[in-house]
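Have a look at the structure below before the remarks.
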Protein chains: 2
Amino acid sequence: MKSVAIGIDIGGTNTAIGVVDREGNVLVKDTILTPGHGNITMFIDDMVGSIRQLINAVEKLNPAIEVLGIGIGAPNANYYTGTIEQAPNLSFKGVVPMVKLIEERLPEMKAIAITNDANAAAIGEMIYGGAKGMRDFVVYTLGTGVGSGVVVNGDLVYGHDGFAGECGHMTIVPGGRLCGCGGNGHLEAYCSAPGMKRTALELLAKYNAHNSPLASFSFNDLSSKFIFESAEKGDKVAQEVFELTGQWLGQGLAITAHHTSPEAIFLFGGPTAAGAYIFRPAIDSMEKHLLPSFKNKIKVLPSQLKPGDAAIVGASALVYKELEKKL
Amino acid sequence: MKSVAIGIDIGGTNTAIGVVDREGNVLVKDTILTPGHGNITMFIDDMVGSIRQLINAVEKLNPAIEVLGIGIGAPNANYYTGTIEQAPNLSFKGVVPMVKLIEERLPEMKAIAITNDANAAAIGEMIYGGAKGMRDFVVYTLGTGVGSGVVVNGDLVYGHDGFAGECGHMTIVPGGRLCGCGGNGHLEAYCSAPGMKRTALELLAKYNAHNSPLASFSFNDLSSKFIFESAEKGDKVAQEVFELTGQWLGQGLAITAHHTSPEAIFLFGGPTAAGAYIFRPAIDSMEKHLLPSFKNKIKVLPSQLKPGDAAIVGASALVYKELEKKL
């Protein structure tokens with residue numbers, strides 16, 4: 001028998017579902033719409049229909065397959081209660097008992113669990129990725145926002161209420177930029193992809209940099225990908241965007257390191273495609289901000305999860321973590 | 001049989017040793033000099049002599065007493081290796097295998113463990129104090145420095161190398177005050193007792209405040225206790241010292257909360273004797289810096305360990321934690 005796990009990534013627009021093998025390969029996958037109408041029963045119907053089709057498809061590929069369970073990544077998901085709570089970008093209001101609703105429809109699953117996408121990325125890194133065998137590490141996910149999953153003694157830190165690991169909302173610049181959460185100066189407002197665009201605009205204004213290729217784009221049309229391409233082509237403004245982003249990020253990495261003294265911090269998400277442009281200033285800044293006894297010990301590494309499927313793969317890893325706990 | 005544990009607090013000048021009952025009361029205690037000459041064998045001789053005398057004394061009080069083990073709090077102590085490593089304020093250079101040295105002399109002990117004083121305070125809070133029954137909490141120790149102990153899922157976070165929980169060295173003010181560790185803008189440089197004196201001097205200078213009682217003291221003679229007494233008597237400068245200290249502290253508490261989502265954060269140490277003068281601005285500032293989903297959930301509480309004996313009591317609590325792990 002070959003064991004597989006199902007991973008589900010619930011996003012604001014689409015929900016991706018995939019069957020993942022023990023090595024983290026997606027065997028088959030599907031995408032359904034995340035409904036905008038808030039009707040949870042119809043959404044569960046669609047999801048369960050898709051899961052059944054995927055299981056059929058994978059059993060055709062290999063009849064000796066055993067589906068162990070389902071892991072779900074979703075915004076504002078609470079691992080302890082199995083619920084999604086007041087997610088601002090989903091149409092489901094109040095508290096949705098997601099795990100219970102799926103369990104009722106698929107009682108044959110040995111484990112069903114839910115957590116937020118950054119925590120799922122951390123568990124994915126531990127089960128399939130670069131954190132295999134590590135007991136203490138952290139994953140930062142850089143994208144539209146900045147999320148994080150903190151692993152201590154081989155277990156994800158969920159905290160008292162299930163919502164731990166919000167490193168993106170630590171204050172990096174007191175009284176600084178407005179964050180999407182309503183706070184000020186949070187890491188997310190500087191080191192997310194939109195944060196990099198904000199830095200680009202500040203630098204264009206500071207240097208009156210008409211000659212930068214970034215000056216040809218509106219705020220809305222600019223992308224972190226274009227900033228990277230411009231940096232590679234030698235644009236000084238774009239290069240400084242990465243320098244500053246890395247400096248702020250490193251300040252945050254050092255703060256996280258002082259809390260849990262991890263073996264490694266993994267960076268995941270779009271902006272990390274810039275490689276040394278982001279890693280070098282981030283590592284330099286982290287080292288500068290660390291206590292002497294912490295210096296030159298903590299690895300800062302790119303995530304080993306494949307970008308396209310990482311959300312599904314990460315979510316599916318929850319299944320193995322749950323089964324481990326049931327032993 | 002009544003069980004007791006021995007707690008040892010190794011400081012730069014003195015080493016305090018006490019026998020502590022299960023309720024956290026110190027039954028008998030002794031103080032020996034921490035040698036300035038770096039001769040570890042002589043120090044262990046003194047320590048073991050003192051321990052034997054204390055056990056004799058406590059057995060005279062109650063012959064039905066069982067000594068379970070020894071817990072040690074010391075600067076730069078590494079729980080994993082049982083060593084003290086390069087402690088700047090101790091005369092013992094290099095790596096001192098403290099646990100092994102005591103085990104050799106007192107093999108009858110069921111558990112001997114060492115950690116730094118802030119971690120010992122956290123375990124003390126869990127075994128004897130206000131954190132009984134809590135699984136997720138943090139202790140900040142405010143004194144000459146700012147230390148912290150982070151508890152997740154009922155266990156202290158030691159991290160990859162044994163040195164986790166250095167919340168005092170998170171950057172609070174980028175490019176800010178020089179910290180004792182050589183870094184800049186760390187929480188410790190603002191919220192320790194010396195940090196409060198630095199704030200007082202800045203405010204005296206800012207307001208040219210000749211009439212403040214704080215203006216009569218040199219930097220070296222000023223104390224955080226006198227700042228508190230002056231605040232109570234209505235001095236505006238002293239009151240603003242507490243406002244600012246609380247604001248910086250609350251910024252740090254929020255950052256810690258975002259990492260591990262604790263049920264409570266306990267504050268321990270001299271400056272906390274100021275009660276509402278420090279707690280109110282710290283709580284207000286923490287709430288201001290928290291994500292909406294974290295607000296109005298996290299308790300900020302005074303430590304329930306008695307100030308005079310807390311270091312001994314906290315260290316002794318390590319013994320119960322060790323025995324729990326051996327079950």
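Select from the range A:104-125 the residues that are within 14 Å of another protein chain (Cβ to nearest Cβ) and either modelled with pLDDT of 95 or more or not in a loop (DSSP other than H, G, I, E, B) (or both) and write down the one among them that is nearest to the chain's Cα centre (by Cα).
Filtering the range A:104-125 for residues that are within 14 Å of another protein chain (Cβ to nearest Cβ) and either modelled with pLDDT of 95 or more or not in a loop (DSSP other than H, G, I, E, B) (or both), the one nearest to the chain's Cα centre (by Cα) comes out as A:Ala118.
Just checking, how many residues over the range B:1-18 are in a strand (DSSP E or B) and over 23 Å from B:Ala64 (Cα atoms)?
Narrowing the range B:1-18 to residues in a strand (DSSP E or B): B:2-10, B:14-18.
Checking which are over 23 Å from B:Ala64 (Cα atoms) leaves us with B:9-10, B:14-16.
Here the count works out to 5.
Quick check on my filter: what residues within the range B:271-286 are among the small types (Gly, Ala, Ser) and more than 28 Å from B:Asp155 (Cβ to Cβ)?
Residues of the range B:271-286 that are among the small types (Gly, Ala, Ser), as a first pass: B:273-276, B:282, B:285.
Passing the criteria: B:Ala273, B:Ala274, B:Gly275, B:Ala276, B:Ser285.
Would you mind stating whether A:Ala5 is hydrophobic (A, V, I, L, M, F, W, C) and closer than 30 Å to A:Glu166 by Cα?
Judged against the criteria, A:Ala5 is a match.
The rows are residues; the columns are (1) more than 22 Å from A:Tyr320 (Cα to Cα); (2) not acidic (Asp, Glu).
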residue: A:Lys132; (1), (2): no, yes
residue: A:Gly143; (1), (2): yes, yes
residue: A:Tyr158; (1), (2): no, yes
residue: A:Glu166; (1), (2): yes, no
residue: A:Met170; (1), (2): yes, yes
residue: A:Pro174; (1), (2): yes, yes
residue: A:Asn184; (1), (2): yes, yes
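For B:Lys29, state whether it is of a type outside the set (Val, Ile, Thr) and either at pLDDT 95 or above or assigned to a loop (DSSP other than H, G, I, E, B) (or both). Working first, answer last.
Details: of a type outside the set (Val, Ile, Thr): yes; either at pLDDT 95 or above or assigned to a loop (DSSP other than H, G, I, E, B) (or both): yes.
When the stated conditions are applied, B:Lys29 passes them.
Run down A:Gly182, A:Gly195 and say which single residue is touching a Lys or Arg at 6+ places or on another chain (Cβ under 8 Å), outside the structural domain of A:Val319 (by TED's automatic domain parsing), without any contact (Cβ under 8 Å) to a residue 60 or more places away in the chain and not hydroxyl-bearing (Ser, Thr, Tyr).
Details: A:Gly182 fails: touching a Lys or Arg at 6+ places or on another chain (Cβ under 8 Å).
When all the criteria are applied, what remains is A:Gly195.
Scanning for something at pLDDT 95 or above, within 14 Å of another protein chain (Cβ to nearest Cβ), over 18 Å from A:Tyr277 (Cα atoms) and part of a helix (DSSP H, G or I), does the range A:177-193 turn up at least one residue?
Yes, because at least one residue in the range A:177-193 is at pLDDT 95 or above, within 14 Å of another protein chain (Cβ to nearest Cβ), over 18 Å from A:Tyr277 (Cα atoms) and part of a helix (DSSP H, G or I).
Given the structure, is A:Arg135 more than 7 Å from chain B (Cβ to nearest Cβ), surrounded by fewer than 18 Cβ atoms within 10 Å (Cβ to Cβ) and farther than 18 Å from B:Val157 by Cβ?
On the way: more than 7 Å from chain B (Cβ to nearest Cβ): yes; surrounded by fewer than 18 Cβ atoms within 10 Å (Cβ to Cβ): yes; farther than 18 Å from B:Val157 by Cβ: no.
In short, no.
Could you run through the range A:90-103 and say how many residues are modelled with pLDDT of 95 or more and of a type in the set (S, T, N, Q)?
Residues meeting the conditions: 0.
State whether the residues of the range A:63-74 include one that is over 22 Å from A:Tyr128 (Cα atoms) and modelled with pLDDT under 95.
At the first step, the residues of the range A:63-74 found to be over 22 Å from A:Tyr128 (Cα atoms) are A:63.
So of that shortlist, the ones also modelled with pLDDT under 95 come out as A:63.
Yes, that holds for at least one residue.
Checking the conditions here, which among A:Ile51, A:Ile72 is under 21 Å from A:Lys110 (Cβ atoms) and either assigned to a helix (DSSP H, G or I) or not assigned by TED's automatic domain parsing to the domain that holds A:Ser316 (or both)? Before you say what the answer is, go through the steps one by one.
On the way: A:Ile72 fails: either assigned to a helix (DSSP H, G or I) or not assigned by TED's automatic domain parsing to the domain that holds A:Ser316 (or both).
That would be A:Ile51, the only listed residue that is under 21 Å from A:Lys110 (Cβ atoms) and either assigned to a helix (DSSP H, G or I) or not assigned by TED's automatic domain parsing to the domain that holds A:Ser316 (or both).
Looking only at residues in the range B:124-146 that are among the charged types (D, E, K, R) and in contact with an Asp or Glu (Cβ under 8 Å, 6 or more places away or on another chain), which one is nearest to A:Phe163 (Cα to Cα)?
Just the residues of the range B:124-146 that are among the charged types (D, E, K, R), to begin with: B:125, B:132, B:135-136.
Checking which are in contact with an Asp or Glu (Cβ under 8 Å, 6 or more places away or on another chain) leaves us with B:135-136.
Details: B:Arg135: 15, B:Asp136: 12 Å.
Taking the candidates together, the pick is B:Asp136.
As an exercise: evaluate B:Thr260 against (1) within 14 Å of chain A (Cβ to nearest Cβ); (2) over 29 Å from B:Ile70 (Cα atoms); (3) surrounded by fewer than 18 Cβ atoms within 10 Å (Cβ to Cβ) and give the number of the one condition it does not meet.
Unmet condition: (3).
Does at least one position in the range A:271-290 carry a residue that is in contact (Cβ under 8 Å) with a residue 40 or more places away in the chain, of a type in the set (S, T, N, Q) and buried (at least 23 other Cβ atoms within 10 Å of the Cβ)?
No, the range A:271-290 contains no residue that is in contact (Cβ under 8 Å) with a residue 40 or more places away in the chain, of a type in the set (S, T, N, Q) and buried (at least 23 other Cβ atoms within 10 Å of the Cβ).
Within the range A:79-99, track down each residue that is on the phi < 0 side of the Ramachandran plot, assigned to a loop (DSSP other than H, G, I, E, B) and crowded, with 17+ Cβ neighbours inside 10 Å.
Restricting attention to the range A:79-99, the residues satisfying the condition of being on the phi < 0 side of the Ramachandran plot are A:79-81, A:83-85, A:87-93, A:95-99.
In the following step, the residues that additionally are assigned to a loop (DSSP other than H, G, I, E, B) were identified as A:79-81, A:87-93, A:97.
Matches in the range A:79-99: A:Tyr79, A:Ala87, A:Leu90, A:Phe92.
Search the range A:267-306 for residues being part of a loop (DSSP other than H, G, I, E, B) and over 27 Å from B:Cys167 (Cβ atoms), and hand back the single one that is nearest to the other protein chains (Cβ to nearest Cβ).
Of the residues in the range A:267-306, the ones part of a loop (DSSP other than H, G, I, E, B) are A:269, A:275, A:290-291, A:295-298, A:303-306.
Cutting the leftovers down to over 27 Å from B:Cys167 (Cβ atoms) gives us A:275, A:304-306.
Values: A:Gly275: 25, A:Gln304: 19, A:Leu305: 21, A:Lys306: 26 Å.
Within the range A:267-306, the match that is nearest to the other protein chains (Cβ to nearest Cβ) is A:Gln304.
As an exercise: evaluate B:Val241 against (1) over 20 Å from the mean Cα position of the chain (by Cα); (2) touching a residue at least 12 places away in the same chain (Cβ under 8 Å); (3) more than 30 Å from B:Ile32 (Cα to Cα); (4) surrounded by fewer than 18 Cβ atoms within 10 Å (Cβ to Cβ) and give the number of the one condition it does not meet.
Among (1) over 20 Å from the mean Cα position of the chain (by Cα); (2) touching a residue at least 12 places away in the same chain (Cβ under 8 Å); (3) more than 30 Å from B:Ile32 (Cα to Cα); (4) surrounded by fewer than 18 Cβ atoms within 10 Å (Cβ to Cβ), the lone unmet condition for B:Val241 is (4).
Anything in the range A:147-176 that is more than 10 Å from every other protein chain (Cβ to nearest Cβ), in contact with an Asp or Glu (Cβ under 7 Å, 6 or more places away or on another chain) and either more than 21 Å from A:Phe242 (Cβ to Cβ) or touching a residue at least 60 places away in the same chain (Cβ under 8 Å) (or both)? List them, or say none.
A:Val151
State whether the residues of the range B:55-64 include one that is polar (S, T, N, Q), buried (at least 19 other Cβ atoms within 10 Å of the Cβ), in the same structural domain as B:Lys321 (by TED's automatic domain parsing) and touching a strand residue (DSSP E or B) at 6+ places or on another chain (Cβ under 7 Å).
No.
Of all residues in the range A:126-154, how many are assigned to a strand (DSSP E or B) and out of contact with any Phe, Trp or Tyr (no Cβ under 8 Å at 6 or more places or on another chain)? First the steps, then the outcome.
If we filter the range A:126-154 for residues that are assigned to a strand (DSSP E or B), which is where we start, we get A:137-142, A:146-152.
Of the ones still in play, those that are also out of contact with any Phe, Trp or Tyr (no Cβ under 8 Å at 6 or more places or on another chain) are A:149-150, A:152.
Summing the residues that are assigned to a strand (DSSP E or B) and out of contact with any Phe, Trp or Tyr (no Cβ under 8 Å at 6 or more places or on another chain) in the range A:126-154 gives 3.
State all residues of the range A:1-26 that are among the small types (Gly, Ala, Ser), over 16 Å from the mean Cα position of the chain (by Cα) and over 16 Å from A:Lys306 (Cα atoms); if no residue qualifies, say none.
A:Ser3, A:Ala5
Where residues in the range A:195-251 are in a helix (DSSP H, G or I) and of a type in the set (Lys, Arg), which of them is farthest from A:Ile265 (Cα to Cα)? I'd like the intermediate steps shown before the answer.
From the range A:195-251, those in a helix (DSSP H, G or I) are A:195-207, A:213-216, A:224-232, A:236-251; that's our starting set.
Then keep just the ones that are of a type in the set (Lys, Arg); that gives A:197-198, A:206, A:225, A:236.
On the way: A:Lys197: 24, A:Arg198: 25, A:Lys206: 33, A:Lys225: 23, A:Lys236: 28 Å.
Ranking the qualifying residues of the range A:195-251, first place goes to A:Lys206.
The values are calculated or read from the model by the stated rules, or taken from the named source; none is laboratory data. Treat the numbers as computed from the prediction; the structure is a model and nothing was measured. Backbone-built Cβ (ideal geometry, glycine too); neighbour counts: all protein chains shown.
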